[in-house]
Amino acid sequence: MVYKTVIKPLAILIATSIILYCIHNFVIASYIEASFKSFIHKQHLFLLIATLFVYGSSLIVYKISPKNTGFVFLGLLMAKMIIAGLFIYKLGWLDDPKSMPSRLIFLVLYIIYSIVLVYVVSRLLKIFSDKSPSL
């Protein structure tokens, strides 16, 4: 049971992160100006840490109170969105018109990480719904 709820989803999140980092670093970065290449590590590290935090917190809530996991997950997803906006603001990309390609790439990466996160947590919620008695 631990493998199904903890290790396998964690492996999916980390494998997705490594694949996206490799694609970003070796393929997409060759088309971007050299000044924005230094942000690749920061972007992926930020997105991976935020995703693992949301997943880990959802997993802890699942172990304590499975009924509230969905609500906590939605709240953490909203917090992740706000923190991602602050991350972009801190980098100064909102004021720089030349950073539009980097903003778009960050947005695409953010969406992909969020889709994988929703997939992983929805599987966790499905396990809970299979255990609960139907009305």
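Of Lys80/Lys126; Lys42/Lys98; Lys42/Lys67, which sit over 26 Å apart, Cα to Cα?
Lys42/Lys67
On the full set of protein chains, 1.4 Å probe, figure out the accessible area of Ile88 and give it in Å² to the nearest 10.
Solvent-accessible area, nearest 10 Å²: 30 Å².
Could you sort Phe87, Phe106, Phe26 by accessible area so the largest value comes first, with the probe set to 1.4 Å?
Phe26, Phe87, Phe106
Could you please state how large a percent of the accessible area of region 43-135 is carbon and sulfur, counting protein chains only and using a 1.4 Å probe?
76 percent
Express in nm, to one decimal, how much length is gained between Val118 and Ala15 on full extension, taking 0.36 nm for each residue of separation and deducting their alpha carbon distance. List each step's numbers first, then the result.
On the way: separation 103, 0.36 × 103 = 37.08 nm, distance 1.55 nm.
Stretched out fully, the Val118 to Ala15 stretch lengthens by 35.5 nm.
With label points built 7 Å along Cα→Cβ from the Cα atoms of Cys22 and Phe53, find their separation and express it in nm.
For Cys22 paired with Phe53, the spin-label model returns 2.8 nm.
Per residue of region 108-122, what does 6.51 cos²θ - 1.76 cosθ + 1.60 with θ = phi - 60° give for ³J(HN,Hα)? Whole Hz please, x for Gly and Pro, Karplus curve as stated.
5, 4, 4, 5, 5, 4, 5, 5, 5, 4, 4, 4, 5, 6, 5
The values are calculated or read from the model by the stated rules, or taken from the named source; none is laboratory data. Note that the structure is predicted; figures quoted are calculated from it, not measured. Neighbour counts are summed over all protein chains in view; Cβ atoms, including those assigned to glycine, are modelled from backbone coordinates with ideal geometry. These accessible areas exclude ligands, DNA and RNA; they are computed on the full protein's heavy atoms, side chains included. Shrake-Rupley method; radii C 1.70, N 1.55, O 1.52, S 1.80 Å.
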